[in-house]
Amino acid sequence: MPNHDLSALKIDKSQITARPARRKRLFYLIAGMTLVVLIIVLSMAGAFTPSTRVDVATVSLSYPSQAFTLLNASGYVVAQRKAAVAAKVTGRLVALHVEEGSRIRKDQIIAHLEADDVSAARDQAQANLEVARQNLEQTRAELTDAKAAFEREKTLLSQDFTTRAAFDAAEARYRKAQAGFAGAGASIKAATAALRAATVALEYTVIRAPFDAVVLTKNADIGDIVTPIGAAANAKAAVVTIADMTSLQVEADVSESNLKQIRVGQPCEIQLDAVPDTRFKGVIHMIVPTADRTKATVMVKVRFLAIDSRILPEMSAKVAFLSREVRPDEQEPRLTVSRKALKTRNGKTFVFVVRGDKALEAPLSVGGQLGDMVEVKEGIRAGDKVVMNPPDSLRNGSKVKSVQP
């Protein structure tokens, strides 16, 4: 074998240790650059920027009448004509012809009570009247005969063709016939009155509507005992409760200190909680001339200018007392935003809209003012949340923390 130099087979340890060192430096360099890029990205995203606490408000629809509203009050819809319809006599309810929501007319039959006994009494009174009439005819015939006999005896006595005793008997019979006829006439009146009373008693078993109305509640069912004395055991005092829907008014409490701002005939706008998207026209009908000392308020009755089928008794309502009537072009609501949310830069108006945790600029096209609000024609929508009194340091995309007012 050739004799090779064994020293050439030795490993160069300096090269082995140098390569790992270069790899470590390269790793640290890449990691450092990645960290710097990540920090820059997070910084640009605002991760290291503290959130600005801001007050926010919701963009909503406002009615133009808010600009000339003098006073607001709350109350309830109340029917000025309302009745708990009951029977005047005690009886068992045998028929009920209405239910809740039924529209009834004046004198329309609502219900019937059991009436067999009073019906029989009425028939008896009718028969007694017929008997009295026949008695009257009988006494009338007797009176005619007695009168003819008396006149005949009177003529004969003047000619001395009869005795005084016969004349006296004819005269007495005539007077008795007169008295009998008068008594029969009185009996006719008494029987007629008895028949009228029986008819009235029978009519009491028929329950009628006292005025045009709508049935609000049904208080009794067929088979119940209805009595005018509601305290009776297992008895009902009223059959139905009705209300005249044309008499609906809002009764609102107004503070004594604000009475100088209202007057009878003043225009109003009424908003019902059950119909929030509609404003109803009204006018002050009455300022009740007495105060509630416990609340220091006076009741004001506001009449609806037009009755709507959606208006129901006992609904809660809010009343805006206006300085003037609402014009036709002021009927519809308009999109508005508070003036405190507006910012102007380079002649352009904008607001900061809160999206998540960011405040974004939204350019606006604005219209006229409605009190403290400004009409918005375009740029935002109802329901958007905008920053109120935005600080000068706030920029587009700034991180914010919303604080509800």
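Dividing the C-alpha radius of gyration of region 174-296 by 2.2 N^0.38 Å, with N its residue count, gives 2.00. Taking the helices alone, the chain has a mean residue ellipticity at 222 nm of -10500 deg cm²/dmol, built from -39,500 (n - 2.57) per DSSP H run of at least 4 residues and averaged over all its residues. Among DSSP beta bridges whose residues both lie in the chain, state the antiparallel percentage, nearest 5. Beta bridges within the chain, antiparallel portion: roughly 95 percent. Placing unit charges on each Cβ (+1 for Lys and Arg, -1 for Asp and Glu) gives region 116-203 a dipole about its Cα centre, and among THR144, ALA166, ALA182 the Cα reaching farthest toward its positive end belongs to ALA166. Here the label points at GLN138 and GLU151, each 7 Å from Cα along the C-beta direction, are separated by 2.5 nm in the simple model. Put simply, the amide H of VAL283, placed in the peptide plane, has neighbours under 5 Å in CYS268, ARG303, LEU305, leaving out anything fewer than 5 places away on its chain.
Helices that extend 27 Å or more along their long axis by alpha-carbon positions and average at least 1.0 on the Kyte-Doolittle scale are absent among the DSSP H runs of the chain.
For LYS358, the residues 5 or more places off, or on other chains, whose built amide H falls under 5 Å of its own are VAL400. Two numbers describe the Cα atoms of region 116-203: Rg and Dmax, which are 19.3, 65 Å.
Sequence-ordered 3J(HN,Hα) estimates for region 238-250 from the Karplus curve with 6.51, -1.76 and 1.60 and θ = phi - 60° stand at 10, 8, 9, 10, 10, 9, 7, 5, 7, 9, 5, 9, 9 Hz, glycine and proline given as x.
Sorted ascending by nearby beta carbons within 10 Å, beginning with the fewest, LYS82, LYS385 become LYS82, LYS385. Normalising the average separation of contacting C-alpha pairs (under 8 angstrom, six or more residues apart) by the number of residues puts the relative contact order of the chain at 25 percent. Over the C-alpha atoms of the chain, the Rg to Rh ratio, Rh being the Kirkwood estimate, stands at 1.52. Projecting the Cα atoms of GLN331, VAL300, ALA317 onto the charge dipole of region 298-337 (Cβ charges, centred on the Cα centre) puts VAL300 farthest toward the positive pole. Computed from phi, the 3J(HN,Hα) profile of region 91-107 under the Karplus parametrisation 6.51, -1.76, 1.60 (θ = phi - 60°) reads x, 8, 6, 10, 8, 10, 9, 10, 9, 4, x, 5, 8, 10, 9, 4, 6 Hz, with x in place of Gly and Pro. Other residues lying with their Cβ under 11 Å from the Cβ of ALA209 contribute a combined charge of +1, Lys and Arg counting +1, Asp and Glu -1. The residues neighbouring THR344, those whose beta-carbon lies less than 15 Å from its own, together hold a net charge of +3 under the Lys/Arg +1, Asp/Glu -1 convention.
Mind ranking 151-161, 180-190 by how tightly packed they are, going by the mean number of other C-beta atoms within 10 angstrom, highest first?
Highest-to-lowest ranking by the protection proxy: 180-190, 151-161.
Read the figures in this text as sums done on the coordinates, not as results from a lab. Note that this is a predicted model, so its numbers are computed, not measured. Positions of Cβ are generated from backbone atoms using ideal geometry, with glycine treated the same way; all protein chains shown enter the neighbour counts.
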